[in-house]
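The values are calculated or read from the model by the stated rules, or taken from the named source; none is laboratory data. Note that the coordinates shown come from a computational prediction; the quantities given were computed from them, not determined experimentally. In this analysis, Cβ positions are derived from the backbone assuming ideal geometry, glycine residues included, and neighbour counts consider all displayed protein chains. Calculation scope for accessible area: heavy atoms of the full protein, side chains included, ligands and nucleic acids excluded. Shrake-Rupley method; radii C 1.70, N 1.55, O 1.52, S 1.80 Å.
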Amino acid sequence: MEIAALVSGGVDSSVVVHRLKEMGYDPTIFYIKIGMEDKDGYIDCPSEEDIEIVSFIARKYGCRFEIVSLHEEYWDSVVRYTIDSVKRGLTPNPDMMCNKLIKFGVFEQKWGHQFDKIATGHYATTTELDGLTWLSTAKDHIKDQTYFLGQISYMQVSKLMFPIGDLLKSEVRTIAAREKLPSAQRKDSQGICFLGKVNYNEFIERYLGRKDGLIVELETGNILGKHQGFWFHTIGQRKGLGLSGGPWFVIKKDVQRNIVYVSKGYDTIHQYGEIINLQGFEFITKDIWGDFDGEKEITFKIRHTPEFTPGKISKIGDLYRIHSSEPVQGIAAGQFGVVYDTEKNLCLGSGMIY
């Protein structure tokens, strides 16, 4: 079987190569350059250190190694989506879009189609049920990354391999140390890849600029301060508001008037909700419900977190509505609600919150 292994230089994808070799496979290693290297050299995601580590891994295990560039495609899809979403006052998830459109989208079209499987270092697994492939959760529930894979299609999941999905993070690091891999003690990457070392707000400012607006207390209408643009703030945000006497949380944004509304305290009713409306919901493997009346028992996530929240889902036309069994903090339009069957450890699909 021909396998393409996507290796970034981190400990997880490095151990993927080791495990594939243990399984008797001889993968071809790909390093995907997706960082935006614009004319001013402002953004620098692909690092020389990453490529050096991946080159070492390829030599150590005798694997063919290719560096491929998807700069333009990443800009046209993921980066543009991120900027457009922020400009509209939404909360984007570029990591989900990168998986769907770039790693398992354009890469597949240009190189992956030559291989039987694509292996990655995601903390996830796949399960074969009723002759179909299902995306399922990882052994390490803290590191589980199925939320970020919630937008992939059946054609994509049926071709994927997750060789470390049955390991705890500690076990991955133990293997890396034992095999003397240079990434063994390397810290996990943080943030959005295309930014590299650039601050998120600096990136947003470059494309959307600054515009002074008011910070207003939601309950009273009192003006508490000023901000430099609603696009710098996200629903549920606590830090970075510059307000005293808190804690203060961003509750909503008036995009037309450039107003950020905040509420004080940890437990205000304005921070939490129990109804989550989803549009464009798509099942990964297949529609297991069809047209139904009433509600289905589910668990779900609206962000990357170890916890699954129990609830029920109902359907109104093409729209789905989650009724959470407990209050959920920071529900924001633009986020994705990912639905699970945790009894079977399956990730069923996702839709965008509106």
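Restricted to the stretch 295-354, and to residues that are small (Gly, Ala, Ser) and in a loop (DSSP other than H, G, I, E, B), which residue is most open to solvent (accessible area, probe 1.4 Å)?
Among them, the one singled out is Gly317.
Among the residues of the stretch 259-302, what is the count of those that are over 24 Å from the mean Cα position of the chain (by Cα) and either over 16 Å from Tyr320 (Cα atoms) or without any contact (Cβ under 8 Å) to a residue 12 or more places away in the chain (or both)?
14
Which pairs do you get when a residue that is within 14 Å of Leu208 (Cα to Cα) and touching a residue at least 40 places away in the same chain (Cβ under 8 Å), found in the stretch 219-240, comes within reach of a residue that is assigned to a strand (DSSP E or B) and open to solvent by less than 30 Å² (accessible area, probe 1.4 Å), reach meaning Cβ atoms under 9 angstrom, with the pair 6+ apart or on two chains?
Phe230/Gly213; Phe230/Ile259; Phe230/Val260
Each row is one residue, and each column tells you yes or no for (1) aliphatic (A, V, I, L, M); (2) assigned by the TED database to the domain that holds Thr174; (3) out of contact with any Leu (no Cβ under 9 Å at 6 or more places or on another chain); (4) modelled with pLDDT of 95 or more.
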residue: Leu20; (1), (2), (3), (4): yes, yes, yes, yes
residue: Tyr31; (1), (2), (3), (4): no, yes, no, yes
residue: Gly41; (1), (2), (3), (4): no, yes, yes, no
residue: Ser47; (1), (2), (3), (4): no, yes, yes, no
residue: Arg59; (1), (2), (3), (4): no, yes, yes, yes
residue: Val68; (1), (2), (3), (4): yes, yes, yes, yes
residue: Val78; (1), (2), (3), (4): yes, yes, no, no
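Determine whether Pro163 is in contact with a helix residue (DSSP H, G or I) (Cβ under 7 Å, 6 or more places away or on another chain) and modelled with pLDDT under 95.
When the stated conditions are applied, Pro163 does not pass them.
Looking at the stretch 213-254, which of its residues are loosely packed, with under 13 Cβ neighbours inside 10 Å, part of a loop (DSSP other than H, G, I, E, B) and at pLDDT 95 or above?
If the condition is that a residue be loosely packed, with under 13 Cβ neighbours inside 10 Å, part of a loop (DSSP other than H, G, I, E, B) and at pLDDT 95 or above, then Gly221, Asn222 are the ones that fit.
For Val172, indicate whether it is part of a helix (DSSP H, G or I), open to solvent by less than 30 Å² (accessible area, probe 1.4 Å), under 26 Å from Phe308 (Cβ atoms) and out of contact with any Lys or Arg (no Cβ under 6 Å at 6 or more places or on another chain).
yes
Tell me, please, whether a residue that is over 24 Å from Leu129 (Cβ atoms) and in contact with a His (Cβ under 8 Å, 6 or more places away or on another chain) can be found in the stretch 278-301.
Within the stretch 278-301, not a single residue is over 24 Å from Leu129 (Cβ atoms) and in contact with a His (Cβ under 8 Å, 6 or more places away or on another chain).
With the requirement that a residue be over 20 Å from Thr82 (Cα atoms) and open to solvent by 30 Å² or more (accessible area, probe 1.4 Å), what does the stretch 255-273 give you?
Arg257, Tyr261, Lys264, Tyr266, Asp267, Ile269, His270, Tyr272
Could we say that Gly290 is open to solvent by 20 Å² or more (accessible area, probe 1.4 Å) and modelled with pLDDT of 95 or more here?
The answer is no for Gly290.
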